[in-house]
């Protein structure tokens with residue numbers, strides 16, 4: 001250490017963290033391969049240099065694999081963050097990463113990215129529909145205004161939220177728990193039985209805020225739902241190598257065919273679009289379907305040959321802020 005040249009990397013990290021973060025701070029991250037010897041050496045030398053040295057949480061992330069195979073340049077399955085978000089929305093990528101516990105290996109594949117894109121589209125579409133109906137009502141709350149069933153749903157989700165996030169940031173459990181409230185909201189929005197439910201709008205407002213709070217904690221809230229939905233559609237079109245004008249033209253052709261009772265042509269158009277991964281909804285709406293494994297892998301292979309300056313493994317740990325006591329999700333609507 002006294003001679004010329006660079007210091008060893010163990011003491012280098014102790015010196016940098018002490019200089020910029022102090023001798024005691026909350027979170028120290030790194031890959032699983034750094035537990036020994038790097039972090040053990042760092043702890044030993046930092047504690048030897050300062051008796052007050054302390055890290056509250058050591059967070060070690062799993063590695064990224066590609067279709068269950070290790071990512072590496074030598075295998076030709078290496079690509080960058082920029083290449084990933086060129087085809088997939090960044091928030092879909094984040095949802096995909098949160099779907100695996102951060103200490104576990106992340107198996108990256110286009111099939112799973114397609115699934116995450118479809119899932120986050122569903123979440124944002126549900127909340128966008130909530131916004132539309134709530135904008136038509138002035139929701140005010142008095143004591144016991146929220147129906148008991150909805151209170152039970154909120155409390156159940158809140159318990160899962162606190163338990164899973166307190167259990168070493170177990171985000172996959174939290175994401176899974178979102179399914180029930182989202183389904184309940186959609187039932188209230190779109191089914192005949194749901195639309196007849198007592199205090200329906202109040203329940204929708206309470207559940208929407210609960211889901212929104214959870215998305216904010218996870219870093220999954222977009223600036224606006226409509227903007228995110230449009231961006232997700234644009235990414236889907238890029239993957240399908242189509243334009244929105246082409247989709248709308250096909251929808252118009254199908255509408256005309258249905259009016260003319262040419263159901264054979266109508267069905268053919270729907271099947272042609274489905275083969276490209278495009279599912280038609282009501283009116284002129286559409287969304288991207290999860291595509292076949294073979295098509296996804298073909299697209300992934302074309303990405304792997306690209307070069308770039310950012311390694312995708314940087315995404316496997318995504319700067320999560322940890323609090324020792326998770327903040328409860330408020331059910332109060334203001």
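Values quoted throughout were computed directly from the atomic coordinates according to the rules given, and no laboratory measurement underlies them. Quick caveat: nothing in here was measured; it's all calculated off a predicted structure. All Cβ positions, glycine included, derive from the backbone under ideal geometry; neighbour counts span all protein chains shown.
Report relative contact order for segment 1-125 in percent, whole number only (criteria: Cα-Cα under 8 Å, sequence separation at least 6).
23 percent
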Q | segment 1-144: antiparallel DSSP beta bridges as a percent of all, rounded to 5 | A | 15 percent
**Q.** Projected area averaged over orientations for segment 8-61, convex hull of C-alpha atoms, nm²
**A.** 3.3 nm²
**Q.** Label-point separation in nm, residue 136 to residue 44, each point 7 Å along Cα→Cβ
**A.** 6.9 nm
Q.
Using Stokes-Einstein with the Kirkwood hydrodynamic radius over Cα pairs, what translational diffusion coefficient do you get for segment 182-276 at 10 °C and a viscosity of 1.306 mPa s, in µm²/s rounded to a whole number?
A. 95 µm²/s
